[in-house]
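Report on one structure; see the data block that follows.
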2 protein chains.
Amino acid sequence: MRYLIRFSYDGSNFKGYQRQDGYRTVQEELEIAATKVNNLKEVKIVAVSRTDRGVHALDQVAHLDMDVSITPYKLKRALNSNISDEIHINSVKEVSDDYFSRYHVLSKEYHYYINMGEFNPIMRNYVYQHCYPLNVSKMRDAIQFFKGEHDFRAFVTENRVKDNCVRCIYDVSIEEKNNILDIKFVGNGFLRYQVRNMVGALIKVGTGKIEPFVVKEILDSKVRGKNGATAKPCGLYLVKTKLGDEE
Amino acid sequence: MRYLIRFSYDGSNFKGYQRQDGYRTVQEELEIAATKVNNLKEVKIVAVSRTDRGVHALDQVAHLDMDVSITPYKLKRALNSNISDEIHINSVKEVSDDYFSRYHVLSKEYHYYINMGEFNPIMRNYVYQHCYPLNVSKMRDAIQFFKGEHDFRAFVTENRVKDNCVRCIYDVSIEEKNNILDIKFVGNGFLRYQVRNMVGALIKVGTGKIEPFVVKEILDSKVRGKNGATAKPCGLYLVKTKLGDEE
């Protein structure tokens, strides 16, 4: 039986989502738990998004196949009782055996949080601690250039540029509350480091190092420049994964 | 020269604020840092509140004496660069040499956060994960009994009952947002475990184990009953310390 799971995790102490030999990853911890529940018959978890070291998720999606007969409710409980409290399965549902979760993604929503106020020790792993004011108005001007379908090659780490870097961003916005910026990106998909590299450029705009129009020039250049900045992972969250067959 | 400092900390990995031999405490870490800045002449930090293991602070207050001549601005920077990122000095100001911070406290504000929704791995050390609905309306009824001046002996751990357990609570309230309860207590001072024991009773009300009026009975009994519950420390924050000579 195939199951679709939605789960959240604190990425602080993981070397990212995806399995890597010798490192603690979310995927490995989930697969070990699922394999236990599956009477030690190996289970593979196929996730919709890869998040890097230190990046958090509130709504990651994956599918997995179980040989044992188990209800979604019991599978949720069994997985949660076999993983650390840094991961939590939010929901489990049965899907058809040929359901491949990645093909059903309508959109992904990422948020990046920046603290412009005093350093906050409680939020140190959960909000990027910039600790200086940023010109939010200019950042709002710059963020508009990301909207729509573009070749985002300029915001991907150079040695990882794939053949196809075209993605569509449906929505971008910046909210400000209590000196914390909440930068939202909704799109059909994001390349590795893309959000953090876009935020890196936005922070440069916010500090006055570059003008908003330069962000468009970088985007249009389709080249990852040597001065490209990558925002720290701790401020980044995969907040929502929308599937085509839901809601 | 005497300085008044305001600071915040993530209590998760400390055995509380107060120095205890053989344990990592906030006070010790601050005193080591201040002593370094003071050319290794020992500095004692005298704080206004004691917080227990796992309890967080956004606005703890203390005073300390330095022999070296240093501006408040530089002292703030020097302390922050000598402590871990689990503590942060928010402000430093000079005060007179006979200023004793504890005598100037007008009020302290504590908040306790309870998650009634799905377990949240990201907030696991920062919000108490109850993960079930609570009857907030009944909790709001019960919380009223705490308002005003009372002998809070029934909410202090038995073997720590002091001669004087009379404290005044100026304000209590419960806000609810996205399934998270924010319980606020403002008072002239709080006894050890008092807030967590009051919240423990409120959770019993919220789960229907006791009716709101029982909270008044417990308070009036002036006895810490055997069934007294103590809420977990991770949900508790010292949010604001108001001094009489400020604002």
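The values are calculated or read from the model by the stated rules, or taken from the named source; none is laboratory data. A quick note: this is a predicted structure, and the numbers were derived from the prediction, not measured. Here the Cβ positions follow ideal geometry from the backbone for every residue, glycine too, while neighbour counts run over all protein chains shown. When the accessible area is computed, the model is the full protein with side chains, heavy atoms only, and any ligands, DNA or RNA have been set aside. Shrake-Rupley method; radii C 1.70, N 1.55, O 1.52, S 1.80 Å.
General observations
- Across peptide A:111-122, the mean count of Cβ atoms from other chains lying within 10 Å of each residue's own Cβ comes to 4.
- P(r), alpha carbons of the range B:165-214 - 5 Å bins starting at zero, rounded %: 5, 17, 25, 26, 20, 7, 1, 0
- Residue (of B:GLY200, B:GLN129, A:SER84) at the positive-pole extreme of the protein assembly as shown, dipole from beta-carbon charges: A:SER84
- For chain A, a simple Cβ point-charge model (Lys and Arg +1, Asp and Glu -1, everything else neutral) yields a dipole of about 540 debye relative to the Cα centre.
- Between this copy and the others, label points of A:LYS216 are 6.7 nm apart in ascending order, each placed 7 angstrom from Cα in the Cβ direction.
- Over chain A, all Cα pairs binned in 10 Å intervals from 0 give whole-percent P(r) values of 7, 30, 33, 21, 9, 1, listed from short to long.
- With respect to chain B, whose longest principal axis is taken over its alpha-carbon atoms, helix B:194-206 is tilted by about 30°.
- Shielding of peptide A:48-60 by partners, expressed as the average count of other chain Cβ atoms within 10 Å per residue Cβ, is 1.
- Per-q log10 I(q)/I(0), the range B:106-247, q = 0.13 Å⁻¹ (Debye; single scatterer per alpha-carbon; no solvent): -0.54
- Seen against the Cα atoms of chain A and their longest principal axis, helix A:26-37 is set at about 10 degrees.
- Surface composition of chain A: carbon plus sulfur atoms hold 47% of the accessible area, using a 1.4 angstrom probe and ignoring ligands, DNA and RNA.
- Across the range A:132-185, the relative contact order, built from alpha-carbon pairs under 8 Å that are at least six residues apart, equals 31 percent.
- Principal axis extents of the C-alpha atoms in the protein assembly as shown (largest first, rounded to whole Å): 73, 59, 39.
- Filter on B:LYS184/B:LYS232; B:LYS147/B:LYS222; B:LYS177/B:LYS240 - keep pairs with C-alpha separation over 18 Å: B:LYS177/B:LYS240
- Look at the dipole of the range B:45-176 built from charges on Cβ: of B:ASN164, B:SER69, B:SER96, the Cα furthest out on the positive end belongs to B:ASN164.
- ³J(HN,Hα), Karplus 6.51/-1.76/1.60, whole Hz, each residue of the range B:149-156, x for Gly, Pro: 8, 9, 8, 8, 3, 5, 10, 10
- Between the alpha-carbon centres of the range A:126-200 and the range B:50-67 there is a gap of 38 Å.
- Kirkwood analysis of the Cα pair distances in the range A:2-99 returns a hydrodynamic radius of 13.2 Å.
- The relative contact order of the range A:106-243, computed from alpha carbon pairs under 8 Å that lie at least 6 residues apart in sequence, is 39 percent.
- Ordering of B:97-105, A:133-141 by burial proxy (mean other Cβ atoms within 10 Å per residue, highest first): A:133-141, B:97-105
- Its alpha carbons give the range B:77-159 an Rg and a Dmax of 19.4, 51 Å.
- Between 0 and 90°, nearest 10: helix A:72-82 axis offset from chain A longest Cα axis: 70 degrees
- Listed by chain and number, the lysines placed with their C-alpha closer than 22 angstrom to that of B:LYS74 are B:LYS36, B:LYS41, B:LYS44, B:LYS93; residues fewer than eight positions away on the same chain are left out.
- Taking 7 Å steps out from each Cα toward its Cβ at A:GLU217 and A:LEU40 produces label points 6.3 nm apart.
- Each other copy places its own label point for A:PHE100 at 7.5 nm from this one, sorted shortest first, where the point lies 7 Å along the Cα-to-beta carbon line.
- Paramagnetic reach from B:LYS209 (point 7 Å along Cα→Cβ, amide N under 15 Å) across the range B:133-147: B:133-135, B:139
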